[in-house]
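> Have a look at this one.
The values are calculated or read from the model by the stated rules, or taken from the named source; none is laboratory data. Nothing here was measured: the structure is a model prediction, and the numbers come from that model. Glycine gets a Cβ as well: all are built from the backbone with ideal geometry, and neighbour counts include every protein chain shown.
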Amino acid sequence: MSKMIIAYVRMERAEQVMRELHDAGAGGLSAYVVRGMSGEASTFLYSKRPFEPSHLPETLKIEVICDETSVDRIVELIARQAKTGAPGDGLIAIQTIDLVRKIREM
């Protein structure tokens, strides 16, 4: 069964994470620059000033589709490269993929 790993990482760690994923041979990889915040960041960022969507920090969203046997290795790699130990390091989620089909093969 296939899995999708979704990770949100700090922009300053994005290059290291992407390089390590490439070097590890991770395929089925997409990356997007997104804006958002976690519960930790929202308390810090907006406790004394009004909410402004344009001030949300940029984050790299990474999606990796892989087989179930690769999940732990890829999650550990992302966590090791993304971690700073400070609030806002990001998060990793894992979803089950029921079916993967290549368009050119349909």
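> When only residues in the range 60-76 that are assigned to a helix (DSSP H, G or I) and β-branched (Val, Ile, Thr) count, which is surrounded by the most Cβ atoms within 10 Å (Cβ to Cβ)?
The residue in question is ILE74.
> Scan the range 59-106 for residues that are small (Gly, Ala, Ser) and in contact with a helix residue (DSSP H, G or I) (Cβ under 9 Å, 6 or more places away or on another chain) and jot them down.
Passing the criteria: ALA82, GLY88, GLY90.
> Here is a follow-up. Residue by residue through the range 1-40, note down the ones that are part of a helix (DSSP H, G or I), under 14 Å from the mean Cα position of the chain (by Cα) and of a type outside the set (A, V, I, L, M, F, W, C).
Of everything in the range 1-40, those that are part of a helix (DSSP H, G or I), under 14 Å from the mean Cα position of the chain (by Cα) and of a type outside the set (A, V, I, L, M, F, W, C) turn out to be GLU12, ARG13, GLU15, GLN16, ARG19, GLU20.
> Can I ask one more? Restricting attention to the range 57-82, and to residues there that are at pLDDT below 95 and under 13 Å from MET11 (Cα atoms), which single residue is nearest to the chain's Cα centre (by Cα)?
THR59
> Hey, another quick one. Looking only at the range 41-56, which residues are in a helix (DSSP H, G or I) and either modelled with pLDDT of 95 or more or hydroxyl-bearing (Ser, Thr, Tyr) (or both)?
SER42, THR43, TYR46, SER54
> May I ask you to verify whether LEU56 is free of Cβ contacts under 8 Å to residues at least 24 places away in the same chain and within 17 Å of TYR32 (Cβ to Cβ)?
yes
> If you check THR96 against the conditions, is it surrounded by fewer than 16 Cβ atoms within 10 Å (Cβ to Cβ) and either modelled with pLDDT of 95 or more or touching a Cys at 6+ places or on another chain (Cβ under 9 Å) (or both)?
The answer is yes for THR96.
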